[in-house]
2 protein chains.
Amino acid sequence: MSIRVGILGYGNLGRGVECAIKHTPDMELAAVFTRRDPERVRILTAGAKVLPVSEAEKMQDQIDVMIICGGSATDLPKQTPHYAKFYNVVDSFDTHAKIPEHFAAVDAAARESGKVAAISVGWDPGMFSLNRMIAGAILPQGSSYTFWGKGVSQGHSDAIRRIEGVRDARQYTIPVEEALNAVRSGSNPELTTRQKHTRECFVVAEEGADLERIRREIVTMPNYFADYDTTVHFISEEELNRDHAGIPHGGFVIHTGKTGANLEHNHVIEYSLKLDSNPEFTSSVLVAYARAVYRMNREGMSGCKTVFDIAPAYLSPMSGDELRAHLL
Amino acid sequence: MSIRVGILGYGNLGRGVECAIKHTPDMELAAVFTRRDPERVRILTAGAKVLPVSEAEKMQDQIDVMIICGGSATDLPKQTPHYAKFYNVVDSFDTHAKIPEHFAAVDAAARESGKVAAISVGWDPGMFSLNRMIAGAILPQGSSYTFWGKGVSQGHSDAIRRIEGVRDARQYTIPVEEALNAVRSGSNPELTTRQKHTRECFVVAEEGADLERIRREIVTMPNYFADYDTTVHFISEEELNRDHAGIPHGGFVIHTGKTGANLEHNHVIEYSLKLDSNPEFTSSVLVAYARAVYRMNREGMSGCKTVFDIAPAYLSPMSGDELRAHLL
């Protein structure tokens, strides 16, 4: 029998989850829950329901796992603990500093309900965290470095759009090749923010706007751009739509460490992602972890988990015998 | 209190385990067990015992985990099931085709004794398996490719040494750059053995030996070389010892897959290792999994596990709180 999945929130992430389920034989989409008028939300999956979010507490007999596709700033801190009272749940909570707090709230709810919740699932936090953790456990005499990009940062693009005279913008975070290579060399460099990443901005200005002022406001913006080497390109709306419509992303986790009686041997562990669609990849990770939480709950487990706490075999539809025979 | 480790077998792998424990604060070496005369085996760790292998069944009160550093061909199929009767154990069994059989034997012993055993731990099988499995679970519409090298293949070096007129040899397995790039492109190429790897051999010939005959015997050797483009260099013993004394290795697991309503987006997940010392890196993985089996056993688990079955958090000396705060 298929694992029946609910999607709460139907933005980029929710649509990505729907697509991932479509290509996953052992799972099926039961319903999408939306805060919009369900009549106006069109989904891709024939047979799946579109329901108002108010219905989302009432379908325990039809849904095995709820994938919560809200935003980390305000949605998930409320939604995930709430729905963990009713369902096995998975979210992609990515405010790193607030993870301990979020974990505690979700854990309390999931223990109480006897369900399994997986939080902070995706690629960072998620796959990158897993690689930082495992590499550090294998080579404790070493350091991990994380680089992001080349990819679109939604937050930085939004920050540019708030500048007066800007009609639209797209910002790419780009890792600096020399920094990557310095890390790979095992020299254990100390790298400043500026040395690790550059930022490239494609901006559509309003007609007659002062481009030099916009450029200056971007490159001096505290937190977002001031600490980086930032390049600004002014382009037409047509160019933006033609050349920058995608949401690619990716990055690198590189861990270098030493072994040997006198630490005379160097090793490099490198994990990298090159993603055409950031939300669709994140969604694919969410769906694999939805399988895991369902199966863990069937085995009697409960409480909040992260990627650290979940044995990898739970992610795969294959049996232990199959995994050992074909993938070990 | 430290986790007390025993090492069974003191070759390259056993010495690597000893070095890894030396640099790992929460573990200590209790004893090395050897088939050689213990009087003649000198180890690096002050305070650790060197004992004959016959003593290895009798130290349950002094050893929490036994790391079994024998060979996969004949040692481990006997040793691991045997010592799983007495200890939590870890091995690096790497005969891929016989893993199911080995798993069954070790699982029976470990269930009976109530201990935890981890088999086939290292990098392939091991970290590479983990990456193949997780990537395939996340992007089921895709394919995984494994490349090995650049690195020394002990088996191939030995095969050359058995040729008449060869005094010594070192063989490197080298992934073909074009093949790596074809895989990374997402084009999902079908690659022959010859297209994936080349082999480079450094051979010290006996004086007066027929070099052309040796070269021909190498490049036409079935299974080992005939299916590859193989280069043979004849060098002096001095050069071999000077330039080819190390045991480097490494490789790549590359998974490409598609997402989206019509699979219109491509993604590349790449994991790679670049290792100065193959045995020391494998040993470092063994030691991290020794920590895991000890902790799992303390929580009441038993039976045989592989890297698929072990939640990553068990590998790290950090607590769940610390992991979530610093590495997620």
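The values are calculated or read from the model by the stated rules, or taken from the named source; none is laboratory data. Treat the numbers as computed from the prediction; the structure is a model and nothing was measured. Neighbour counts are summed over all protein chains in view; Cβ atoms, including those assigned to glycine, are modelled from backbone coordinates with ideal geometry. Just so you know, the surface numbers come from the protein's heavy atoms only, side chains and all, with ligands and any DNA or RNA stripped out. Shrake-Rupley method; radii C 1.70, N 1.55, O 1.52, S 1.80 Å.
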Does the stretch A:287-309 hold any residues that are in a loop (DSSP other than H, G, I, E, B) and within 17 Å of the chain's Cα centre (by Cα), and which are they? A:306
Matching residues, the stretch B:1-50, being in contact with a strand residue (DSSP E or B) (Cβ under 7 Å, 6 or more places away or on another chain) and charged (D, E, K, R): B:4, B:18, B:26, B:28, B:49
Looking at residue A:171 and the list (1) surrounded by 24 or more Cβ atoms within 10 Å (Cβ to Cβ); (2) in contact (Cβ under 8 Å) with a residue 40 or more places away in the chain; (3) not charged (D, E, K, R), which single condition is not satisfied? (2)
Restricting to the stretch A:221-242, give me the number of residues that are over 28 Å from the mean Cα position of the chain (by Cα) and of a type in the set (Ser, Thr, Tyr). 1
Say we look at the stretch B:212-224 and pick out the residues that are touching a residue at least 24 places away in the same chain (Cβ under 8 Å) and either touching a strand residue (DSSP E or B) at 6+ places or on another chain (Cβ under 6 Å) or of a type in the set (Val, Ile, Thr) (or both); which of these is surrounded by the most Cβ atoms within 10 Å (Cβ to Cβ)? B:218
Quick check, is residue B:90 touching a Lys or Arg at 6+ places or on another chain (Cβ under 7 Å) and not charged (D, E, K, R)? no
Just to verify a result, which residue in the stretch A:287-326, among those that are open to solvent by 40 Å² or more (accessible area, probe 1.4 Å) and closer than 18 Å to residue B:143 by Cα, is nearest to the other protein chains (Cβ to nearest Cβ)? A:325
Taking strands (runs of 3 or more DSSP E) that fall entirely within the stretch A:1-114, which contain at least 2 residues that are under 20 Å from residue A:301 (Cβ atoms), open to solvent by less than 40 Å² (accessible area, probe 1.4 Å) and not hydrophobic (A, V, I, L, M, F, W, C)? A:88-91
Name the residue, out of B:253, B:293, that is touching a Phe, Trp or Tyr at 6+ places or on another chain (Cβ under 7 Å), farther than 22 Å from residue A:261 by Cα and either among the polar types (S, T, N, Q) or in contact (Cβ under 8 Å) with a residue 12 or more places away in the chain (or both). B:253
Strands (runs of 3 or more DSSP E) fully within the stretch A:180-286 counting 2 or more residues that are facing chain B (nearest Cβ under 10 Å) and farther than 30 Å from residue A:89 by Cα: A:249-259, A:265-275
Can you pull out the residues in the stretch A:243-274 that are within 16 Å of the chain's Cα centre (by Cα) and within 18 Å of residue B:252 (Cα to Cα)? A:250, A:251, A:252, A:253, A:271, A:272, A:273, A:274
For residues that are more than 12 Å from residue A:156 (Cβ to Cβ) and touching a residue at least 40 places away in the same chain (Cβ under 8 Å), tally how many sit in the stretch A:225-238. 1
Which of (1) open to solvent by less than 10 Å² (accessible area, probe 1.4 Å); (2) part of a loop (DSSP other than H, G, I, E, B); (3) of a type in the set (Gly, Ala, Ser) does residue A:159 not meet, given it meets every other one? (2)
Scan of the stretch A:122-145 for residues that are more than 14 Å from residue A:252 (Cα to Cα), facing chain B (nearest Cβ under 9 Å) and either open to solvent by 10 Å² or more (accessible area, probe 1.4 Å) or without any contact (Cβ under 8 Å) to a residue 40 or more places away in the chain (or both), ordered by number: A:134, A:136, A:137, A:140, A:141
